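Scroll down for the structure; my scribbles are underneath it.
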Amino acid sequence: MTTQILVIDDDIAITELMSMLLKTHGFDVVTTNNGAEGVKLAEEKRPDAILLDLMMPDMDGWQVCKSIRAFSNAPILVLSAVNDPRMVATVLDSGADDFLVKPVPSGVLVAHIRKMVRRTDILNSPEEKKIKLTNTAPLLS
């Protein structure tokens, strides 16, 4: 099955570039240039991972991230031109799984996406669920 990536960025040039880049690496890509539509697409499409810009006019990345987290555990990778440690911390606290500063080399971006999807696949595997269910006994009696 092909890994589906949702790209949410208000810059049309960025979403087109990301779409072309990610498709060359075998990903199925859905894009939007609107935060509210991104939340809607995340709920409808249930992507394997989400690339999210922070600075958007209608609904910023923090709001989008929190809204998606209300119904989805899909990994969210934030891409931003702003490199401020406090911003990174607040975005990660809002529910993002990773943060990269634009511009990011394509190989690094793809590696981060694959890492997040691989980790999510392991956490959602039937074997992992079975382990979680069998390890529910209290440690101290």
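Read-outs throughout are calculated quantities, based only on the coordinates presented, and are distinct from any laboratory measurement. Quick caveat, the model's predicted, so the values are computed rather than measured. Cβ placement follows ideal geometry from the backbone for every residue including glycine, while neighbour counts extend to all protein chains displayed.
Assorted remarks:
- Lone unmet requirement of (1) within 23 Å of VAL104 (Cα to Cα); (2) touching a strand residue (DSSP E or B) at 6+ places or on another chain (Cβ under 6 Å); (3) touching a residue at least 12 places away in the same chain (Cβ under 8 Å); (4) loosely packed, with under 15 Cβ neighbours inside 10 Å for ASP48: (4)
- With a requirement of 3 or more residues that are of a type in the set (D, E, K, R), the helices (runs of 4 or more DSSP H) lying completely within region 21-106 that satisfy it span 35-45.
- Among residues of region 104-123 that are within 17 Å of GLN4 (Cβ to Cβ), those with a Cβ under 9 angstrom from a residue that is part of a helix (DSSP H, G or I), sequence gap 6+ or separate chain, pair up as LEU109/MET18; LEU109/LEU21; LEU109/LEU22; VAL110/LEU21; VAL110/LEU22; ILE113/LEU22.
- Single match in LEU21, LEU100, LEU54 (criterion: touching a residue at least 24 places away in the same chain (Cβ under 8 Å), under 27 Å from MET1 (Cα atoms) and in contact with a helix residue (DSSP H, G or I) (Cβ under 9 Å, 6 or more places away or on another chain)): LEU21
- Residue match in region 29-44 (condition: surrounded by 23 or more Cβ atoms within 10 Å (Cβ to Cβ), under 20 Å from VAL104 (Cα atoms) and not polar (S, T, N, Q)): no
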